[in-house]
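Quick notes on the structure that follows.
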Amino acid sequence: KIVVVGPKECGKTTTCQLVAGATPSREYDPTAGVRVQTCERRVGMRTVRVDLWDCSGDLKYQTCFPAMADGMDGLLIVYDPDEPGREAELEKW
């Protein structure tokens, strides 16, 4: 379970789609709460199932993060460095 977080509209869903091997959507569709995408990857001689938990960056879902983080194996923080002030938002995660 990899939890993907960051400010809204920074590319979390696109990142998850690319990692999962899907074609990213051209239209913006805000994540409501969380979207889970599953993919399989080879690690050495094993095939590993990876669940990517694409968490909304909308602050109204911020209180849900502890539940989404329960049992996570990794955290990926995504942000757009070209957007002024985005680094300050990273402190929330």
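Viscosity 0.890 mPa s, temperature 25 °C: give me the Stokes-Einstein translational D for the chain in µm²/s, with Rh taken as the Kirkwood radius over C-alpha pairs. Estimated diffusion coefficient is 177 µm²/s.
3J(HN,Hα) along the stretch 29-46: 10, x, 6, 9, x, 8, 10, 10, 10, 10, 9, 10, 9, 7, 10, x, 9, 10 Hz, from the Karplus curve 6.51 cos²θ - 1.76 cosθ + 1.60 with θ = phi - 60°, whole Hz, x for Gly and Pro.
Loop-located GluC sites (Glu not before Pro) across the stretch 24-93 with a Cβ neighbour count of 14 or fewer within 10 Å are Glu27, Glu91, with loop assigned by DSSP.
Throughout, read-outs are computed from the coordinates displayed, never taken from laboratory work. What you see is a predicted model, and the numbers here were worked out from it, not measured in a lab. Don't worry about glycine lacking a Cβ; one is built from the backbone with ideal geometry, like all the others, and counts go over all protein chains shown.
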